[in-house]
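The structure under discussion appears below in the form of structure tokens.
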Amino acid sequence: MKHFLKLLDCTPEEIFELLDLADKLKYEKKHGIAHPILAGKSLGMIFQKSSTRTRVSFETGMYQLGGQPLFLSPRDLQIGRGEPLCDTARVLSRYLDGLMIRTFAQQEVEDFAKFGSIPVINALTDFAHPCQVMADLQTIREYHKTTEGKKLCFIGDGNNMANSLIVGGLKAGMSVSVATPKDYAPDKTVMEFAAAYGDKFQWVQDPMEGAAGADVLYTDVWASMGQESEQAIREKAFAGFQINAKVMEAANPGAMVLHCLPAHRGEEITADVFEAHANEIFDEAENRLHAQKAIMATLMKD
Ligand code: CP
Ligand code: NVA
């Protein structure tokens, strides 16, 4: 694996190897076993959008691996003044050992990978959030022992999270159902990928139908970063696409609830359900650290 740009690029074996390494690094961290796998290496971190979890977990994760993280604000970089991406990618490749990018267009992370010569990690685009899904799969394995044969149901917007969960869930051996309003379907390329999985994938417009028999219920904000001006329209379109007590009843007993965060209580999830599943949700947030350390270690070690 040279880059980590989207889960469509990863084989199931690569995904499971990353998850096993994430578990190992988590165990070592909890038991005070140092793992300076990336000593002497530097990771650049470009954020074109806000972040709490991703920024802090990458930065501390790189430090725990013995390396140096560099937060690069587009406000300070020449890229913010129009320096071409193809030049920035080639320059940064001369200094850094890896580059993490959070931005809008998926094409930007693909282009950094194409023009640069160092590993590139997608830390969220409008199309995908693969780092989050690695943490999600790690958390599902912790609670349900395995991903194989389990059913994941995503309720809400067919956004970057839905796209990555469909691909990651199916590749990890899960059945995946996605409940979205008709006009907010997941990306076409993802739907085409999922179609090959037959009845292991289901796209529905009824959250109750999607949640039936689910082992994992997942939701995300109705308006993603960059869509704030559509908030009012989206609140109307997504009314009912919420994880609440009724939806929980349709799921399997013992079903877990995950949310990538930040959460909007009263919109995509009720406060009651959120708090009842807070342990799972904050374990999931913690696992961003361990899963991303596995990604960095895999891509950046000698
Ligand atoms: N889930 C997630 O990516 O959170 P941040 O936007 O805070 O990084
Ligand atoms: N879909 C959300 C995910 C945030 C982690 C967004 O892109 O804003």
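The values are calculated or read from the model by the stated rules, or taken from the named source; none is laboratory data. Treat the numbers as computed from the prediction; the structure is a model and nothing was measured. Quick reminder, even Gly has a Cβ in these numbers, built from the backbone with ideal geometry, and neighbours come from all protein chains shown.
Among 265, 234, which is the only one that is more than 25 Å from residue 138 (Cα to Cα) and modelled with pLDDT of 95 or more? Spell out how you get there, then give the answer.
Working: 265 fails: more than 25 Å from residue 138 (Cα to Cα).
The conditions single out 234.
For the range 145-176, how many residues are closer than 14 Å to residue 213 by Cα and either surrounded by fewer than 24 Cβ atoms within 10 Å (Cβ to Cβ) or aromatic (Phe, Trp, Tyr) (or both)?
The number of residues fulfilling the criteria is 5.
Note down all Cβ pairs under 7 Å where the first residue falls in the range 121-142 and is more than 10 Å from ligand 1 (Cβ to nearest atom), the second is at pLDDT 95 or above and among the hydroxyl-bearing types (Ser, Thr, Tyr), and they're at least six residues apart or on different chains.
From the range 121-142, the pairs are 125/103; 128/164; 130/164; 133/164; 137/147; 140/147; 141/147.
Cβ contacts < 6 Å: first residue assigned to a helix (DSSP H, G or I), restricted to the range 179-201; second residue of a type in the set (Val, Ile, Thr), any location; separation 6+ or different chain. Result?
Once the first residue is assigned to a helix (DSSP H, G or I) and sits in the range 179-201, its partners that are of a type in the set (Val, Ile, Thr) give 190/166; 194/166.
What are the pairs with Cβ atoms under 6 angstrom where one residue, in the range 70-94, is exposed (fewer than 12 other Cβ atoms within 10 Å of the Cβ) and the other, located anywhere, is acidic (Asp, Glu)? Sequence gap at least six, or different chains.
none
Can you pull out every residue in the range 112-137 that is in a helix (DSSP H, G or I), charged (D, E, K, R) and within 26 Å of residue 169 (Cα to Cα)?
The one that is in a helix (DSSP H, G or I), charged (D, E, K, R) and within 26 Å of residue 169 (Cα to Cα): 136.
Looking at the range 202-232 only, could you name the residues that are within 16 Å of ligand 1 (Cβ to nearest atom) and either among the small types (Gly, Ala, Ser) or outside any helix (DSSP H, G or I) (or both)?
If we filter the range 202-232 for residues that are within 16 Å of ligand 1 (Cβ to nearest atom), which is where we start, we get 218-228.
Those that are within 16 Å of ligand 1 (Cβ to nearest atom) and either among the small types (Gly, Ala, Ser) or outside any helix (DSSP H, G or I) (or both): 218, 219, 220, 221, 222, 223, 224, 225, 226, 227.
Take residue 146 and tell me if it is polar (S, T, N, Q) and either touching a Leu at 6+ places or on another chain (Cβ under 7 Å) or within 15 Å of ligand 2 (Cβ to nearest atom) (or both). Give the steps one after another, and end with the answer.
Working: polar (S, T, N, Q): yes; either touching a Leu at 6+ places or on another chain (Cβ under 7 Å) or within 15 Å of ligand 2 (Cβ to nearest atom) (or both): no.
No: the conditions fail for residue 146.
Filter the range 177-203 down to the residues that are crowded, with 19+ Cβ neighbours inside 10 Å and not polar (S, T, N, Q) and list them by number. Full working, then the answer.
Here is the first cut: in the range 177-203, the ones crowded, with 19+ Cβ neighbours inside 10 Å are 177-180, 186-187, 190, 193-194, 201, 203.
Result: 178, 179, 186, 187, 190, 193, 194, 201, 203.
Modelled with pLDDT of 95 or more, assigned to a helix (DSSP H, G or I), within 26 Å of residue 19 (Cβ to Cβ) and within 16 Å of ligand 2 (Cβ to nearest atom): which single residue out of 287, 279 fits that description?
On the way: 279 fails: within 16 Å of ligand 2 (Cβ to nearest atom).
287 is the lone residue from the list that is modelled with pLDDT of 95 or more, assigned to a helix (DSSP H, G or I), within 26 Å of residue 19 (Cβ to Cβ) and within 16 Å of ligand 2 (Cβ to nearest atom).
Check 99, 92, 124, 137 and return the single one that is at pLDDT 95 or above and under 21 Å from residue 278 (Cα atoms).
Working: 99 fails: under 21 Å from residue 278 (Cα atoms); 92 fails: under 21 Å from residue 278 (Cα atoms); 124 fails: under 21 Å from residue 278 (Cα atoms).
Going through 99, 92, 124, 137 in turn, just one is at pLDDT 95 or above and under 21 Å from residue 278 (Cα atoms): 137.
Just one of (1) assigned to a helix (DSSP H, G or I); (2) under 27 Å from residue 29 (Cβ atoms) trips up residue 235, so point out which.
Evaluating residue 235 over (1) assigned to a helix (DSSP H, G or I); (2) under 27 Å from residue 29 (Cβ atoms) leaves (2) as the failure.
Could you say whether any residue in the range 239-249 is farther than 20 Å from residue 281 by Cα and either touching a residue at least 60 places away in the same chain (Cβ under 8 Å) or more than 16 Å from ligand 2 (Cβ to nearest atom) (or both)? Steps first, answer last, please.
Of the residues in the range 239-249, the ones farther than 20 Å from residue 281 by Cα are 239-240.
Applying the additional criterion that residues be either touching a residue at least 60 places away in the same chain (Cβ under 8 Å) or more than 16 Å from ligand 2 (Cβ to nearest atom) (or both) yields 239-240.
Yes; the residues of the range 239-249 include at least one that is farther than 20 Å from residue 281 by Cα and either touching a residue at least 60 places away in the same chain (Cβ under 8 Å) or more than 16 Å from ligand 2 (Cβ to nearest atom) (or both).
Kindly indicate which of 197, 184 is over 16 Å from the mean Cα position of the chain (by Cα), under 22 Å from residue 16 (Cβ atoms), more than 16 Å from ligand 1 (Cβ to nearest atom) and hydroxyl-bearing (Ser, Thr, Tyr).
Among 197, 184, only 197 is over 16 Å from the mean Cα position of the chain (by Cα), under 22 Å from residue 16 (Cβ atoms), more than 16 Å from ligand 1 (Cβ to nearest atom) and hydroxyl-bearing (Ser, Thr, Tyr).
Matching residues to (1) within 16 Å of ligand 2 (Cβ to nearest atom); (2) among the aliphatic types (A, V, I, L, M); (3) assigned to a loop (DSSP other than H, G, I, E, B):
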{"position": "18", "(1), (2), (3)": "no, yes, no"}
{"position": "22", "(1), (2), (3)": "no, yes, no"}
{"position": "25", "(1), (2), (3)": "no, yes, no"}
{"position": "29", "(1), (2), (3)": "no, no, no"}
{"position": "54", "(1), (2), (3)": "yes, no, no"}
{"position": "58", "(1), (2), (3)": "yes, no, no"}
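Every residue in the range 238-254 that is in contact with a His (Cβ under 9 Å, 6 or more places away or on another chain) and either within 16 Å of ligand 1 (Cβ to nearest atom) or in a loop (DSSP other than H, G, I, E, B) (or both), please.
Of everything in the range 238-254, just one residue is in contact with a His (Cβ under 9 Å, 6 or more places away or on another chain) and either within 16 Å of ligand 1 (Cβ to nearest atom) or in a loop (DSSP other than H, G, I, E, B) (or both), namely 254.
Considering only the range 138-149, state which residues are polar (S, T, N, Q) and part of a helix (DSSP H, G or I). Break it down into steps so the answer makes sense when it comes.
Initially, the range 138-149 is screened for residues polar (S, T, N, Q), giving 138-139, 146-147.
Correct list: 138, 139.
Could you tell me whether the range 38-52 includes any residue that is assigned to a helix (DSSP H, G or I) and surrounded by 14 or more Cβ atoms within 10 Å (Cβ to Cβ)?
Taking the range 38-52 as the starting set, the residues that turn out to be assigned to a helix (DSSP H, G or I) are none.
There is no residue in the range 38-52 that is assigned to a helix (DSSP H, G or I) and surrounded by 14 or more Cβ atoms within 10 Å (Cβ to Cβ).
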